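A short worksheet on the structure shown next.
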Amino acid sequence: MPLSLADSRPEAIDLGELRAAKTSDCPWRMIKSDTQKTKPSVAVLGAGRLGQAFAIALQSSGYSVVALAARRRPNAEKAAALLHKVSAHSAGKPRPKSVVFGANQLGELPETDLVLIATPDDAILETAQRLSSLWKGRKGNTVLHTSGALSSEALAPLAAKGFQTGSIHPLISISEPLSGAAALHGAFFCVEGTGKAKRLAEAIVRDLGGHSFTIKPESKALYHAAAVMTAPHLTALVDLAVEMLSACGLSKAKAQQVFMPLLESTVNNLKASNPQQALTGTFARGDIATVRRHLAALSGKELADALAVYKLLGLHSLRLAEKNGLDAKLLGEIRRVLRSGRT
Ligand SMILES: NC(=O)c1ccc[n+]([C@@H]2O[C@H](COP(=O)([O-])OP(=O)(O)OC[C@H]3O[C@@H](n4cnc5c(N)ncnc54)[C@H](OP(=O)(O)O)[C@@H]3O)[C@@H](O)[C@H]2O)c1
């Protein structure tokens, strides 16, 4: 039976059991997976959408997620209960439960080979600062964060203390842990960092059946802005289109439903060819009379945002149409109509 978050119930976890164990005899240090390959032990800080999905995916790939932390400890408990439930449902014997922590207990985290920070972007630097002051005696572990916009530089306080630091950012959109964990398998990941941290990030991606690539740390904000254009902005664009169609009298649910095959066929075209070749429709054909009709239909105040986006993306579509050889005079006329907004 498929699992859902609604099924998961927090379960008490004995912190004393963990504190009593010395690092050297911790069963989760460098555990052996089913394939007998040594896998690093992991602590996940930030048990939200991505943190939980990562924990489930890592666990199902043979990693031992020994600790989970959230800002509020009960949220880490819920995540640990779900992780345990997933391991009990999958083949083989269930793994030991992860130990849970709140943000004010980070000094008590067990020493693991990898610490994966999946907090919101704005909490990463502060978390790194806190860990570097709390972990006085620790060294040699690897710390990775999952932010798309920040580079390993956000972990500088830990790098200064001798930790290997890096980032591992999956290019997928995760709204809940179970489908998110499935989507991580086979995803593309942007990884960067110090030598050992980057190698570990690449090994994790390989273990998840994904594909890694790297960019310069200083390019991460631009890289992430591109990712935002592809996913959240696409969602926002579809929402604008749904608003437009509901202004034609369809319910919002129906409007979204009827757009899906159109959206899917566009994604399929983009899988097969580049955007220039995949472009279809009014701007690809240069239908200037239709552009004028669209602008008139969008002229009402309540569709002002949709009109602004229509014009901006229309101008970009024209650049693609130009590369496809659309007549230069026609192109110029459509550009003038879009820029002036006069029909
Ligand atoms: N979701 C995605 O699609 C996605 C995809 C790629 C990358 N990312 C990256 O992954 C990171 C997390 O994103 P998300 O969407 O998973 O966020 P999220 O669902 O809001 O989860 C954030 C988690 O961090 C915890 N947290 C907040 N401050 C903390 C602190 N100071 N110490 C410990 N834990 C803390 C929160 O605890 P509480 O539960 O108690 O509030 C929550 O569990 C971000 O860097 C994001 O850019 C996300």
- Query: Mind checking which residues of segment 110-123 are near the ligand (Cβ under 7 Å from one of its atoms) and either among the charged types (D, E, K, R) or assigned to a helix (DSSP H, G or I) (or both)?
  - Reply: ASP121, ALA123
- Would you mind stating whether GLU243 is away from the ligand (no atom under 15 Å from the Cβ) and closer than 25 Å to ALA306 by Cβ? yes
- Message: All but one of (1) of a type in the set (A, V, I, L, M, F, W, C); (2) surrounded by 19 or more Cβ atoms within 10 Å (Cβ to Cβ); (3) touching a Lys or Arg at 6+ places or on another chain (Cβ under 9 Å); (4) at pLDDT 95 or above hold for TRP135; state the number of the condition that does not hold.
- Response: (4)
- Scanning segment 185-232 residue by residue, those among the polar types (S, T, N, Q) and either more than 13 Å from the ligand (Cβ to nearest atom) or surrounded by 15 or more Cβ atoms within 10 Å (Cβ to Cβ) (or both) turn out to be THR194, SER212, THR214, SER219
- Task: Would you tally the residues in segment 207-223 being over 15 Å from PHE54 (Cβ atoms) and touching a Ser or Thr at 6+ places or on another chain (Cβ under 8 Å)?
- Result: 3
- Output the residues belonging to segment 71-105 that are surrounded by fewer than 18 Cβ atoms within 10 Å (Cβ to Cβ) and of a type outside the set (Lys, Arg). PRO74, ALA88, HIS89, SER90, ALA91, GLY92, PRO94, PRO96, GLY102, ASN104, GLN105
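The values are calculated or read from the model by the stated rules, or taken from the named source; none is laboratory data. Everything quoted here is computed from the prediction, not taken from an experiment. Don't worry about glycine lacking a Cβ; one is built from the backbone with ideal geometry, like all the others, and counts go over all protein chains shown.
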